[in-house]
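Everything below concerns the one structure shown next.
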Amino acid sequence: MSTLSYRDAGVDIEAGNSLVERIKPHAKATFRPEVLTGLGGFGALFELPIDRYRKPVLVAGTDGVGTKLKLAIESQRYDGVGIDLVAMCVNDLIVQGAEPLFFLDYYATGKLDIDVASAVIAGIADGCKLSGAALIGGETAEMPGMYASGDFDLAGFCVGIVERDEIIDGSGCSEGDVLIGIASSGPHSNGYSLVRKVLEISGQPLDSEFQNHTLGDALMAPTKIYVKTILELLKSHSVKAISHITGGGLSENLPRVLPKDLSAEINLNAWTRPEIFNWLSQQGNISNADMLLTFNCGVGMVLCVDANNETAILKSLEQLGEQAWSIGRLTQRGDQQGVVYVND
């Protein structure tokens, strides 16, 4: 987010400088002791906290918000998508047990609207605070002809760190292990092309009443950030695998972290699906299989743990303020698919 990068990107110098001044307090509020430079240079410096590690391994991830941005622009809800951007990156890092260290963003638009950009980046800073990552830089690009009036796009990049022998990779999973699901805050940032189609079919405006709030509130709820919860949990409990339930739902994301010879058996009655997912299914006439393949359906993160630790981990998650359930177990895969759904 340096002044020079704004100039290089074709943004009016005065507008770029004004944006930098607005976002500086938000970014500085996320700084960790390891941050060595402020905003304004060509590159940000971050000192690795290697004194806390014997064999430190860096973990990197990048992601975007997708077409949820279209709803954000339509409803003029800009700060939440900043949290979404951070969440999509840091939640991927924590899957391997990595603590997020720093975050950078990329904001591209046809013509810079300082108020909109400031709101978005303030939301990014909020997401960084929630995850403990430092917002140390980024880029804002003005590209006329690439984006329609009022449109913008977001991308984020995050680096984390984990002890080599504490990397969570699923290799220790075995038959009989328990799957614990942690509640999501809504659809998070996945499936929004379908969400927008359902909105079109239903004809319901975002400001229509829904569950004592509005439909927009339910659909635009920021993605839940699980980093601090899981880092705290790992201090006293062993977790064999973690899956971030993003695009592809439980059906595609659980097999990504499990050994090839194991299958996840999920009890669909183990948790109550939030009403927003029922609304999407009913209004869009979406089958249950497609719902599970597109949305998180109320489960944003899944932990694979030893059955003997199930009760203690559920209690710890409750103490950490999370809603969590035992949603299934691991079985031998055989000819079965990677995820099998039951209704016990």
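The values are calculated or read from the model by the stated rules, or taken from the named source; none is laboratory data. None of these values were measured; they are calculated from a predicted model. Reconstructed Cβ throughout: ideal geometry from the backbone, glycine too, with neighbour counts over all protein chains shown. Keep in mind that these areas ignore ligands, DNA and RNA; they rest on the heavy atoms of the full protein, side chains included. Shrake-Rupley method; radii C 1.70, N 1.55, O 1.52, S 1.80 Å.
Here the range 232-247 and the range 99-149 have alpha carbon centers that stand 28 Å from each other.
Pairs of lysines in the chain whose Cα atoms sit within less than 17 Å of one another amount to 11, provided the residues are eight or more positions apart or on different chains.
Contact order for the chain, expressed relative to its length and based on alpha carbon pairs under 8 Å spaced 6+ residues apart, stands at 21 percent. Rolling a 1.4 angstrom probe over the chain with all protein chains present gives an accessible area of which 47% lies on carbon and sulfur atoms. Debye-formula intensities of the range 47-93, expressed as log10 I(q)/I(0) at q = 0.16, 0.26 Å⁻¹, are -0.57, -0.93 (one equal scatterer per alpha-carbon, no solvent).
Here the chain is treated with +1 on each Lys and Arg Cβ and -1 on each Asp and Glu Cβ, and its dipole about the Cα centre works out to around 340 debye. Our Cα-only numbers for the range 254-344 put the radius of gyration and Dmax at 14.4, 42 Å. Comparing Ile136, Ile266, Ile242 in a Gaussian network model of the chain (Cα springs below 10 Å), the most mobile by mean-square fluctuation is Ile266. So if a site counts as exposed when it's one of the trypsin sites (Lys or Arg not before Pro), its DSSP state isn't H, G, I, E or B, and it has at most 10 other Cβ atoms within 10 Å, what's the longest stretch of the chain without one? Value returned for the longest uninterrupted segment is 55-234. Residue-normalised convex hull volume from the C-alpha trace of the range 129-229: 222 Å³ per residue. Pairs of Cα atoms nearer than 8 Å and 6+ residues apart set the relative contact order; for the range 143-267 it is 33 percent.
For the chain, a Kirkwood hydrodynamic radius built from all Cα pairs, placed in the Stokes-Einstein relation at 25 °C and 0.890 mPa s, yields a translational diffusion coefficient of 117 µm²/s. Using the Cβ-Cβ distance between Glu74 and Arg22 with R0 = 25 Å, the FRET efficiency computed as 1/(1 + (r/R0)^6) comes to roughly 0.60. Applying a length cut-off of 24 Å (Cα extent along the axis) and a mean Kyte-Doolittle floor of -1.0 to the DSSP H helices of the chain leaves 114-131. Here is the short version for the chain: Cys128, Cys173, Cys297, Cys304 have no other Cys C-beta closer than 4.7 Å. Is the shape of the range 18-167 rounded, prolate or oblate, going by the alpha carbon gyration tensor and its root eigenvalues a ≥ b ≥ c, with a/c under 1.5 for rounded and a/b larger than b/c for prolate? Because a/c hits 1.5 or more and a/b exceeds b/c, the range 18-167 counts as prolate.
A viscosity of 1.567 mPa s and a temperature of 4 °C, combined with the Kirkwood radius over C-alpha pairs in the Stokes-Einstein formula, give the range 175-317 a diffusion coefficient of 80 µm²/s. Solvent-free Debye calculation, one equal scatterer per alpha-carbon of the range 64-115: log10 I(q)/I(0) at 0.22, 0.32 Å⁻¹ equals -0.90, -1.35. Each listed q (0.23 Å⁻¹) maps to a log10 I(q)/I(0) for the range 114-171, found by the Debye formula over equal Cα scatterers with no solvent: -1.04. Secondary structure note: in the chain, about 75% of the DSSP beta bridges are antiparallel. Over the range 43-146, accessible surface divided per residue gives 39 Å², non-protein components excluded, 1.4 Å probe.
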